[in-house]
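Worksheet for the structure shown next.
The values are calculated or read from the model by the stated rules, or taken from the named source; none is laboratory data. As the structure is a prediction and not an experimental result, all values here were calculated from the model. Ideal geometry is used to build each Cβ from the backbone, glycine not excepted, and the neighbour counts take in all protein chains shown. Just so you know, the surface numbers come from the protein's heavy atoms only, side chains and all, with ligands and any DNA or RNA stripped out. Shrake-Rupley method; radii C 1.70, N 1.55, O 1.52, S 1.80 Å.
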Amino acid sequence: MDITEHHWLRGDYRAESLSQIISGLENSINSLKLRTEANDSYDALWFLEDSEPIYGLAFIAFQNYINGTIKDFYETTDEKITYYKLQPNLGDFQKSNIELIIGLANYIKHKEDEKLHNGTKVILGCFGLNNFDEIDRSPIFKGLDLLNNEWKLFEVLKIVMEWRELLFKNYIEQFS
(Lines give C-alpha, C1' and ligand atoms only; values in the text may rest on other atoms or scores of the structure.)
Protein backbone atom coordinates (compact mmCIF):
# COMPACT_ATOMS: atom_id res chain seq x y z
CA MET A 1 0.00 0.00 0.00
CA ASP A 2 1.25 3.45 -0.94
CA ILE A 3 1.33 5.67 2.15
CA THR A 4 0.55 8.73 0.00
CA GLU A 5 -2.93 7.35 -0.72
CA HIS A 6 -3.98 8.15 2.83
CA HIS A 7 -1.85 11.21 3.47
CA TRP A 8 -3.90 14.02 5.03
CA LEU A 9 -2.96 16.41 2.22
CA ARG A 10 -4.26 14.03 -0.46
CA GLY A 11 -7.76 15.41 -0.04
CA ASP A 12 -8.34 18.69 -1.82
CA TYR A 13 -10.99 20.66 0.02
CA ARG A 14 -10.47 23.64 -2.33
CA ALA A 15 -11.29 21.75 -5.55
CA GLU A 16 -15.09 21.69 -5.27
CA SER A 17 -15.48 25.41 -4.68
CA LEU A 18 -13.07 26.20 -7.53
CA SER A 19 -15.03 23.89 -9.81
CA GLN A 20 -18.29 25.65 -8.83
CA ILE A 21 -16.74 29.05 -9.55
CA ILE A 22 -15.50 27.90 -12.95
CA SER A 23 -18.90 26.40 -13.74
CA GLY A 24 -20.62 29.71 -13.01
CA LEU A 25 -18.12 31.66 -15.10
CA GLU A 26 -18.47 29.20 -17.99
CA ASN A 27 -22.26 29.66 -17.81
CA SER A 28 -21.79 33.43 -18.01
CA ILE A 29 -19.52 33.11 -21.03
CA ASN A 30 -21.95 30.73 -22.72
CA SER A 31 -24.79 33.22 -22.25
CA LEU A 32 -22.66 35.87 -23.98
CA LYS A 33 -22.00 33.46 -26.84
CA LEU A 34 -25.75 32.92 -27.23
CA ARG A 35 -26.24 36.66 -27.29
CA THR A 36 -23.65 36.94 -30.07
CA GLU A 37 -25.45 34.29 -32.11
CA ALA A 38 -28.88 35.85 -31.58
CA ASN A 39 -28.04 39.49 -32.18
CA ASP A 40 -26.34 40.90 -35.27
CA SER A 41 -25.38 44.11 -33.50
CA TYR A 42 -23.65 42.21 -30.68
CA ASP A 43 -20.53 41.20 -32.55
CA ALA A 44 -17.30 39.43 -31.66
CA LEU A 45 -15.64 42.60 -30.35
CA TRP A 46 -18.51 43.18 -27.93
CA PHE A 47 -18.18 39.56 -26.86
CA LEU A 48 -14.47 40.09 -26.14
CA GLU A 49 -15.18 43.31 -24.22
CA ASP A 50 -17.84 41.61 -22.11
CA SER A 51 -16.07 38.30 -21.58
CA GLU A 52 -12.56 39.56 -20.74
CA PRO A 53 -13.46 40.37 -17.11
CA ILE A 54 -15.24 37.03 -16.76
CA TYR A 55 -12.23 35.10 -18.01
CA GLY A 56 -10.13 37.35 -15.81
CA LEU A 57 -12.14 36.33 -12.77
CA ALA A 58 -11.40 32.70 -13.64
CA PHE A 59 -7.67 33.44 -13.64
CA ILE A 60 -7.99 35.20 -10.30
CA ALA A 61 -9.83 32.14 -8.93
CA PHE A 62 -7.08 29.86 -10.28
CA GLN A 63 -4.42 32.10 -8.71
CA ASN A 64 -6.22 32.06 -5.37
CA TYR A 65 -6.47 28.27 -5.53
CA ILE A 66 -2.78 27.90 -6.48
CA ASN A 67 -1.50 30.19 -3.74
CA GLY A 68 -3.91 28.77 -1.17
CA THR A 69 -2.79 25.26 -2.03
CA ILE A 70 0.86 26.24 -1.60
CA LYS A 71 0.00 27.64 1.81
CA ASP A 72 -1.89 24.43 2.70
CA PHE A 73 1.20 22.39 2.00
CA TYR A 74 4.00 24.67 3.19
CA GLU A 75 2.20 27.05 5.61
CA THR A 76 3.64 30.02 3.71
CA THR A 77 3.75 31.37 0.19
CA ASP A 78 7.31 32.70 0.54
CA GLU A 79 8.60 30.21 -2.06
CA LYS A 80 5.55 30.30 -4.31
CA ILE A 81 7.52 31.18 -7.44
CA THR A 82 9.53 27.98 -7.00
CA TYR A 83 6.31 25.96 -6.86
CA TYR A 84 4.83 27.71 -9.91
CA LYS A 85 7.69 26.15 -11.86
CA LEU A 86 6.95 22.51 -10.94
CA GLN A 87 5.51 21.86 -14.37
CA PRO A 88 7.84 22.09 -17.35
CA ASN A 89 7.88 25.24 -19.43
CA LEU A 90 4.89 25.65 -21.72
CA GLY A 91 5.98 24.77 -25.24
CA ASP A 92 9.03 26.73 -26.31
CA PHE A 93 8.46 29.46 -23.74
CA GLN A 94 10.65 30.11 -20.72
CA LYS A 95 7.81 29.90 -18.20
CA SER A 96 5.33 27.24 -17.07
CA ASN A 97 1.60 27.29 -17.67
CA ILE A 98 1.07 28.00 -13.96
CA GLU A 99 3.29 31.07 -14.28
CA LEU A 100 1.15 32.14 -17.24
CA ILE A 101 -2.03 31.72 -15.19
CA ILE A 102 -0.53 33.80 -12.37
CA GLY A 103 0.59 36.48 -14.86
CA LEU A 104 -2.87 36.65 -16.43
CA ALA A 105 -4.52 36.95 -13.00
CA ASN A 106 -2.19 39.79 -12.07
CA TYR A 107 -2.74 41.44 -15.45
CA ILE A 108 -6.53 41.50 -15.09
CA LYS A 109 -6.31 42.76 -11.50
CA HIS A 110 -3.98 45.62 -12.40
CA LYS A 111 -4.70 46.41 -16.06
CA GLU A 112 -6.35 49.69 -15.14
CA ASP A 113 -3.37 50.80 -13.05
CA GLU A 114 -0.91 53.20 -14.63
CA LYS A 115 1.57 50.39 -15.08
CA LEU A 116 1.79 46.69 -14.39
CA HIS A 117 4.09 45.22 -11.75
CA ASN A 118 7.43 44.35 -13.30
CA GLY A 119 7.04 40.63 -12.47
CA THR A 120 3.74 40.54 -14.34
CA LYS A 121 5.28 42.29 -17.36
CA VAL A 122 8.16 39.79 -17.37
CA ILE A 123 5.81 36.79 -17.31
CA LEU A 124 3.57 38.20 -20.03
CA GLY A 125 6.62 39.21 -22.08
CA CYS A 126 7.96 35.66 -21.97
CA PHE A 127 4.76 34.59 -23.75
CA GLY A 128 4.79 37.51 -26.19
CA LEU A 129 1.75 39.07 -24.52
CA ASN A 130 2.78 42.70 -24.74
CA ASN A 131 -0.26 44.37 -26.30
CA PHE A 132 -2.45 45.91 -23.63
CA ASP A 133 -4.49 48.35 -25.73
CA GLU A 134 -6.52 46.32 -28.22
CA ILE A 135 -9.20 43.97 -26.93
CA ASP A 136 -8.71 41.44 -29.72
CA ARG A 137 -5.04 41.15 -28.73
CA SER A 138 -5.61 41.17 -24.97
CA PRO A 139 -3.22 39.03 -22.93
CA ILE A 140 -6.28 37.28 -21.49
CA PHE A 141 -7.35 35.90 -24.87
CA LYS A 142 -3.85 35.28 -26.20
CA GLY A 143 -3.03 33.49 -22.94
CA LEU A 144 -6.18 31.41 -23.26
CA ASP A 145 -5.04 30.48 -26.78
CA LEU A 146 -1.84 29.10 -25.28
CA LEU A 147 -3.53 27.22 -22.44
CA ASN A 148 -6.50 25.89 -24.42
CA ASN A 149 -7.21 27.15 -27.90
CA GLU A 150 -10.95 26.56 -27.43
CA TRP A 151 -10.93 28.80 -24.31
CA LYS A 152 -12.42 26.03 -22.18
CA LEU A 153 -11.95 26.97 -18.54
CA PHE A 154 -12.41 23.38 -17.37
CA GLU A 155 -9.36 22.44 -19.46
CA VAL A 156 -7.39 25.13 -17.63
CA LEU A 157 -8.78 23.72 -14.39
CA LYS A 158 -7.27 20.34 -15.36
CA ILE A 159 -3.88 22.01 -15.77
CA VAL A 160 -4.21 23.46 -12.27
CA MET A 161 -5.25 20.08 -10.82
CA GLU A 162 -2.29 18.36 -12.49
CA TRP A 163 -0.04 20.99 -10.96
CA ARG A 164 -1.53 20.29 -7.52
CA GLU A 165 -0.64 16.63 -7.92
CA LEU A 166 2.95 17.64 -8.70
CA LEU A 167 2.95 19.89 -5.63
CA PHE A 168 1.72 16.99 -3.51
CA LYS A 169 4.45 14.69 -4.85
CA ASN A 170 7.05 17.40 -4.29
CA TYR A 171 5.86 17.82 -0.70
CA ILE A 172 5.96 14.06 -0.04
CA GLU A 173 9.51 13.82 -1.48
CA GLN A 174 10.69 16.69 0.71
CA PHE A 175 9.22 15.40 3.94
CA SER A 176 9.32 11.62 3.65
> When only Cα pairs under 8 Å and 6 or more residues apart are kept, what is the percent relative contact order across segment 54-151?
Replying inline: 24
> In debye, nearest 20: dipole of the chain around its Cα centre with unit charges on the Cβ of K, R (+) and D, E (-)?
Replying inline: 360
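Please identify the longest segment of the chain free of exposed GluC sites (Glu not before Pro), where exposed means a DSSP state other than H, G, I, E or B and no more than 13 other Cβ atoms within 10 Å. Could you put the intermediate results ahead of the total?
Working: sites that count: E75, E79, E112, E114, E134, E150.
So the longest stretch without any such site is 1-74.
Placing unit charges on C-beta atoms (Lys and Arg positive, Asp and Glu negative, everything else neutral), compute the dipole magnitude of segment 119-171 about its Cα centre in debye, rounded to 20. Present the calculation step by step, with values, prior to reporting the outcome.
Values: 7 positive and 8 negative charges, 52 e Å.
Value, rounded to 20: 260 debye.
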> What net charge is computed for the residues neighbouring H117, neighbours being all others with C-beta under 12 Å from the C-beta of H117, Lys and Arg scored +1, Asp and Glu -1?
Replying inline: +2
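With a 1.4 Å probe and all protein chains left in place, how much accessible area per residue does the chain have, in Å²? Could the numbers behind the result be given before it?
On the way: 10000 Å² over 176 residues.
Per-residue accessible area for the chain comes out at 57 Å².
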>> If you count only protein heavy atoms and use a 1.4 Å probe, how large is the accessible surface of D40, to the nearest 10 Å²?
In response: 150
> With +1 on each Lys and Arg Cβ and -1 on each Asp and Glu Cβ, how big is the dipole of segment 80-176 about its Cα centre, in debye rounded to the nearest 20?
Replying inline: 300
>> Quick query: amide H of N89 versus all other amide H atoms, modeled in the peptide plane; which residues come in under 5 Å with a sequence gap of 5 or more or a different chain?
In response: none
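Once you keep just the Cα pairs under 8 angstrom separated by 6 or more residues, what percentage relative contact order results for segment 1-93?
Numbers: 33 pairs, mean separation 23.9, N = 93.
Reported relative contact order: 26 percent.
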> If Lys and Arg each add +1 and Asp and Glu each add -1, what is the summed charge of the other residues whose beta carbon sits under 12 Å from the beta carbon of N106?
Replying inline: +1
> Using heavy-atom solvent-accessible surface (probe 1.4 Å) with all chains present, what is the largest-first order of Y107, Y13?
Replying inline: Y13, Y107
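With every protein chain kept in the model, how would you rank S176, S28, S41 by accessible area, 1.4 Å probe, largest at the top?
S176, S41, S28
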> Which shape class, rounded, prolate or oblate, goes with segment 130-176 when its Cα gyration tensor gives a ≥ b ≥ c as root eigenvalues, a/c under 1.5 marks rounded, and past that a/b bigger than b/c marks prolate?
Replying inline: prolate
> Are any of the pairs K115/K169; K33/K109; K109/K142 more than 28 Å apart by Cα-Cα distance, and if so, which?
Replying inline: K115/K169
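Take the solvent-accessible surface of the protein heavy atoms, probe 1.4 Å, and return the percent of it on the chain that carbon and sulfur atoms account for. Don't skip to the end; give the middle numbers.
Working: 4960 of 10000 Å².
Percent of accessible area from carbon and sulfur atoms in the chain: 50.
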> Over what distance in Å are the Cα centres of segment 157-171 and segment 125-145 separated?
Replying inline: 26
> Which net charge results when you count Lys and Arg as +1 and Asp and Glu as -1 among the other residues whose beta-carbon is under 14 Å from that of E26?
Replying inline: +1
